[in-house]
Amino acid sequence: AQSVTQLDSQVPVFEEAPVELRCNYSSSVSVYLFWYVQYPNQGLQLLLKYLSGSTLVESINGFEAEFNKSQTSFHLRKPSVHISDTAEYFCAVSLEAAGNKLTFGGGTRVLVKP
Amino acid sequence: NAGVTQTPKFRILKIGQSMTLQCTQDMNHNYMYWYRQDPGMGLKLIYYSVGAGITDKGEVPNGYNVSRSTTEDFPLRLELAAPSQTSVYFCASRNGQSREAFFGQGTRLTVV
């Protein structure tokens with residue numbers, strides 16, 4: 001079965017500092033990878049995704065993630081965070097052969113401090 | 001532009017009561033999912049459906065039932081509510097081509 005591990009449950013960071021959220025998955029076959037963001041008392045929104053092609057994917061608000069097949073990782077980075085980036089971030093994986101189930105990691109709570 | 005709509009937003013149930021969480025989507029997506037979110041545990045898949053008339057169990061199906069009579073609707077039923085079912089429930093639908101999942105705003109359920 002596929003699984004997703006987010007190594008950090010909480011990441012405090014100062015405004016304008018860089019942040020990296022780590023995500024590792026277990027699978028020996030092709031995967032689709034996603035990062036979702038959840039603001040307080042809201043549902044999840046897609047931040048970015050990797051389906052195929054370039055291993056570096058970017059979002060419109062400055063986040064980027066790199067698919068590393070050899071390390072089975074899909075870490076999320078932002079070079080300079082804002083207060084508004086305070087949220088919970090979820091990594092998710094989907095296998096083509098797994099009935100299109102979407103499996104989530106435990107989430108990483110990012111708290112941006114002024 | 002409704003997307004995925006869940007009702008109700010909040011509910012308090014007594015132990016042993018039953019209820020149905022409603023979920024509807026207007027994007028003509030074939031795939032629909034029910035997750036529960038508990039603090040620090042991420043999202044756990046309860047049930048999912050790959051199309052009308054087809055449902056399957058996820059990681060934590062015990063105590064729940066679903067049906068998918070139409071493409072749009074995917075209700076989740078709790079027959080005998082237990083305190084362990086206190087959680088936030090999210091419904092999602094997904095496009096088979098783009099792979100992106102769209103989530104509802106969630107239902108916060110408390111069983112007392």
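The set of residues from the range B:76-100 being open to solvent by less than 20 Å² (accessible area, probe 1.4 Å), of a type outside the set (A, V, I, L, M, F, W, C) and under 16 Å from A:GLN45 (Cα atoms) comprises B:TYR89, B:SER93, B:ARG94. Assess whether B:TYR64 counts as being touching a Gly at 6+ places or on another chain (Cβ under 7 Å), modelled with pLDDT of 95 or more and among the aromatic types (Phe, Trp, Tyr). Criteria not met by B:TYR64. Within the range A:3-26, residues that are acidic (Asp, Glu) reach partners that are part of a strand (DSSP E or B) with beta carbons closer than 8 Å, at six or more positions or on different chains, in the pairs A:ASP8/A:LEU21; A:ASP8/A:THR108; A:GLU15/A:VAL112; A:GLU15/A:LYS113; A:GLU20/A:HIS75; A:GLU20/A:LEU76; A:GLU20/A:ARG77.
Here is the figure for the range A:88-107: residues that are crowded, with 18+ Cβ neighbours inside 10 Å and more than 10 Å from every other protein chain (Cβ to nearest Cβ) total 3.
In the range A:1-70, which strands (runs of 3 or more DSSP E) lie fully inside it and hold 3 or more residues that are within 11 Å of chain B (Cβ to nearest Cβ), open to solvent by 50 Å² or more (accessible area, probe 1.4 Å) and of a type in the set (Ser, Thr, Tyr)?
Values: elements: A:3-6, A:10-14, A:19-21, A:23-26, A:31-38, A:44-50, A:56-58, A:64-68.
It comes to none.
The residue that is nearest to the other protein chains (Cβ to nearest Cβ), among those in the range B:56-72 that are assigned to a strand (DSSP E or B) and open to solvent by 60 Å² or more (accessible area, probe 1.4 Å), is B:ASP56.
How many residues, within the range B:28-55, are more than 13 Å from B:PHE74 (Cα to Cα) and either open to solvent by less than 60 Å² (accessible area, probe 1.4 Å) or part of a loop (DSSP other than H, G, I, E, B) (or both)? Even if it seems obvious, please write down each step before you answer.
From the range B:28-55, those more than 13 Å from B:PHE74 (Cα to Cα) are B:36-45; that's our starting set.
Next cut, either open to solvent by less than 60 Å² (accessible area, probe 1.4 Å) or part of a loop (DSSP other than H, G, I, E, B) (or both) only: B:36-43, B:45.
Qualifying residue count, the range B:28-55: 9.
The values are calculated or read from the model by the stated rules, or taken from the named source; none is laboratory data. Bear in mind the structure is a predicted one, so any value in this text is a computation, not a measurement. Heads up, the Cβs are rebuilt from the backbone with ideal geometry, glycines too, and the neighbour counts pull from every protein chain shown. Protein only, heavy atoms only, side chains kept; ligands, DNA and RNA dropped before computing areas. Shrake-Rupley method; radii C 1.70, N 1.55, O 1.52, S 1.80 Å.
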